[in-house]
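Chemist: Below is the structure I would like to discuss, written out as structure tokens.
Each reported figure results from applying straightforward, stated rules to the coordinates on display, with no laboratory input. The structure presented is a predicted model; accordingly, all values stated were derived computationally and were not measured. Note that we place each Cβ from the backbone using ideal geometry, even for glycine, and neighbour counts take in every protein chain shown.
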Amino acid sequence: MTKFLLFFLIILEIQNSNAQKIVHNNNFESNKIDFFLCIGQSNMAGRGVLSISDSITTTHLLLFNSENKWEIAKNPMNKHSNIRKSIRMQQMSPSWSFGKKLTSYFKKVGLVVNARGGTKIEQWHRDSILYKKTISRTKKAQITGNIKGVIWHQGEGNRKNWKTYSEKLINLIKNIRKDLNKNELPFIVGEIGNWRITTKQNSDSINKVLRNVKNKINNVDYVSVTDLSHKGDSVHFDRSSQLYLGERYALKYLEMNLDN
């Protein structure tokens with residue numbers, strides 16, 4: 001009898017815990033959640049190794065899940081992406097510290113994280129699967145949320161073919177704004193790590209393009225990564241650098257001082 005009672009209490013606790021994690025849409029009919037779209041390739045998906053402390057959550061940071069509902073955000077942040085690779089590859093993403101930083105300025109912050117590792121910007125054109133699925137998720141989030149901006153981290157896949165990158169990124173920004181009906185939507189890009197020595201493999205050219213996009217289209221800016229470190233593969237930011245990167249995205253958004 002004692003064992004049965006203990007088992008019942010455990011099941012009840014699990015059910016209560018799950019109920020608390022889901023924030024049902026009805027709560028936001030008169031007060032939409034301010035949310036951000038986080039997209040790109042592997043560094044946005046998250047490859048920094050998670051630590052035990054990264055399991056601590058806050059009720060002020062929400063994540064849009066695969067059931068099109070807001071839940072309390074918990075790592076890995078890219079787990080609900082409808083374009084991601086294996087769940088085992090999803091680890092620390094800059095979206096985590098980005099969202100947590102912004103909870104100091106917004107009552108609640110929602111995130112739609114939809115990244116896929118190994119992708120090139122050519123795979124994010126308007127008729128692509130990646131783009132269509134991402135916009136589809138974001139539009140569903142807009143039913144109960146108000147999108148405030150986009151953070152983009154991609155470029156590792158375009159080190160060698162950077163000459164047409166600017167045009168393609170500008171088109172991506174314009175397409176997202178049009179399809180989400182947000183003409184002035186803030187868009188922040190991140191430099192990519194420049195840890196490779198050889199001229200053919202370093203990030204000088206692509207980073208120059210990323211920094212210069214702000215001069216070609218309104219409400220766009222970038223964050224620097226020059227002092228950040230990699231996890232040993234000369235491609236992916238380590239855990240601490242991912243956290244710094246996310247905070248820089250948040251501070252840049254606040255610096256832009258936009259209210260869209």
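Chemist: Provide the percentage of antiparallel DSSP beta bridges, counting only those with both residues in segment 28-256; round to the nearest 5.
Modeler: 20 percent
Chemist: Still on this structure, please answer the following. How much space per residue, in cubic angstrom, does the convex hull of the C-alpha atoms of the chain take up?
Modeler: Values: hull volume 35.0 nm³, N = 260.
Measuring per residue, one finds 135 Å³ for the Cα hull of the chain.
Chemist: Each label point is 7 Å from the Cα along the Cα-to-Cβ direction; what then is the distance between the points at I72 and K120, in nm?
Modeler: Inter-label distance under the simple model: 4.3 nm.
Chemist: Next question, about the same structure. What nm distance separates the two modelled labels at S128 and Q201, each placed 7 Å from Cα along Cα→Cβ?
Modeler: 2.4 nm
Chemist: Before rounding to the nearest 500, sum -39500 (n - 2.57) across all DSSP H runs of length at least 4 in the chain and divide by the residue total; then give [θ] at 222 nm in deg cm²/dmol. Don't skip to the answer; put the middle values down first.
Modeler: Working: 7 runs with 89 residues, N = 260.
It comes out at -11000 deg cm²/dmol, rounded to the nearest 500.
Chemist: Compare the Cα positions of L251, G193, L102 along the charge dipole of segment 28-256 (+1 at Cβ of Lys, Arg; -1 at Cβ of Asp, Glu; about the Cα centre) and return the one farthest towards the positive end.
Modeler: Farthest towards the positive pole: G193.
Chemist: Quick one: putting +1 on the C-beta of Lys and Arg, -1 on the C-beta of Asp and Glu, what dipole do you get for segment 28-256 around its Cα centre, in Debye to the nearest 20? Kindly include the intermediate steps, with their values, before the conclusion.
Modeler: Numbers: 39 positive and 19 negative charges, 109 e Å.
The dipole magnitude comes to about 520 debye.
Chemist: Something else about it: Evaluate the charge dipole of segment 45-96 about its Cα centre and quote only its size in Debye, nearest 20, assuming +1 on the Cβ of each Lys and Arg and -1 on the Cβ of each Asp and Glu.
Modeler: On the way: 7 positive and 3 negative charges, 47 e Å.
Roughly 220 debye, rounded to the nearest 20.
Chemist: Gain in length, K140 to S240, computed as 0.36 nm per residue apart minus the alpha-carbon separation, to one decimal in nm? Intermediate values should be presented prior to the final figure.
Modeler: On the way: separation 100, 0.36 × 100 = 36.00 nm, distance 3.22 nm.
Gain on extension, K140 to S240, equals 32.8 nm.
Chemist: Can I ask one more? If we count every other residue with Cβ under 12 angstrom of K139's Cβ, Lys/Arg +1 and Asp/Glu -1, where does the sum land?
Modeler: Working: positive: K132, K133, R137, K140, K182; negative: D179.
The answer is +4.
Chemist: Next question, about the same structure. About the Cα centre, and with charges only on the beta carbon of Lys, Arg (+1) and Asp, Glu (-1), how big is the dipole of segment 61-184? Nearest 20 debye, please. Write out the running numbers ahead of the final one.
Modeler: Working: 27 positive and 8 negative charges, 19 e Å.
For segment 61-184, the charge dipole is close to 100 debye.
Chemist: Could you tell me whether segment 159-256 comes out rounded, prolate or oblate from its Cα gyration tensor? Rule is a ≥ b ≥ c as square roots of the eigenvalues, rounded for a/c under 1.5, then prolate if a/b exceeds b/c, otherwise oblate. Don't jump to the answer; show the numbers that get you there.
Modeler: Values: a/c = 2.40, a/b = 1.39, b/c = 1.73.
Here segment 159-256 falls in the oblate category.
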